[in-house]
1. When both residues are 6+ apart or on different chains and their Cβ atoms are under 9 Å apart, which pairs have a first residue that lies in segment 25-46 and is under 16 Å from Arg164 (Cα atoms) and in contact (Cβ under 8 Å) with a residue 40 or more places away in the chain, and a second that is exposed (fewer than 11 other Cβ atoms within 10 Å of the Cβ) and not acidic (Asp, Glu)?
2. Kindly evaluate Gly100 against the criterion of being touching a residue at least 60 places away in the same chain (Cβ under 8 Å), within 19 Å of Val20 (Cα to Cα) and assigned to a loop (DSSP other than H, G, I, E, B).
3. Here are the criteria: (1) within 18 Å of the chain's Cα centre (by Cα); (2) assigned to a loop (DSSP other than H, G, I, E, B); (3) farther than 18 Å from Phe156 by Cα. Tell me which single one Thr94 does not satisfy.
4. When segment 42-65 is examined, which residues are found to be crowded, with 17+ Cβ neighbours inside 10 Å and either under 17 Å from the mean Cα position of the chain (by Cα) or charged (D, E, K, R) (or both)?
5. Is at least one residue of segment 152-168 surrounded by fewer than 18 Cβ atoms within 10 Å (Cβ to Cβ) and modelled with pLDDT of 95 or more?
6. Can you name the number of the only condition in (1) farther than 19 Å from Ala10 by Cβ; (2) free of Cβ contacts under 8 Å to residues at least 24 places away in the same chain; (3) of a type in the set (Gly, Ala, Ser); (4) not in a helix (DSSP H, G or I) that Ala147 fails?
Amino acid sequence: MSDKFYVWAAKIEADAAVLVDMDGFDNDYELDVGLAQLDTYPSGVTLRMDSRKPSHTLLVDSVKNTQGVVLVSEKMKVFLDSQLLADVEFLPITVLDHKGRKLDAGYYIFHPINNVDCLDLENAEPEWDDIDDTVVASVKALVIDGAKLPEDKRYFRPKHYIARPMVTKALADAIISAGFTGVQFLPASEISGSLR
């Protein structure tokens, strides 16, 4: 990997579950804009396995979901905690199987807070959202100004381009080296248009 910054994406794995229909939490937009949730986050938030894929029951370390959040296993949470990352929260999720039964598996929304004003607007050539003019709907190129990113911010969302969290090369390399499943990182230099 030669880029400095990557978009975190869930990798499609054979027989891996996709989680849908978050219940018990309605502040999705607050996640996107990087507002802290830990103090007010409710207990009992659930995501369920997609009923359209009943044979897909494998829970990987970074689970694909329809909420646009990064969802990580307990094992991955422990690893990420050991990385001493700045401005992150782990918000617990209960996973339900296809029949709505709770699974005994620890999963968390890996939530970056305090979005960073680091998108290089001149080189990104953004198109602004029609509804919220503080949000970039798409970019010609995803260009991060590393000089505006604090050194301890290795997992973050750019302030205006909130579609997906990003990581530094060092963190992406560490995660890949640790062998976690369901994870892939898309080079920022290959991103254009919109993400969701």
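The values are calculated or read from the model by the stated rules, or taken from the named source; none is laboratory data. Model, not experiment: these values are computed from the prediction. Backbone-built Cβ (ideal geometry, glycine too); neighbour counts: all protein chains shown.
1. Filtered contacts from segment 25-46: Val33/Thr134.
2. Answer is no for this residue.
3. Thr94 satisfies all of (1) within 18 Å of the chain's Cα centre (by Cα); (2) assigned to a loop (DSSP other than H, G, I, E, B); (3) farther than 18 Å from Phe156 by Cα except (2).
4. Leu47, Arg48, Asp50, Leu59, Val60, Asp61, Ser62, Val63, Lys64, Asn65
5. no
6. (4)
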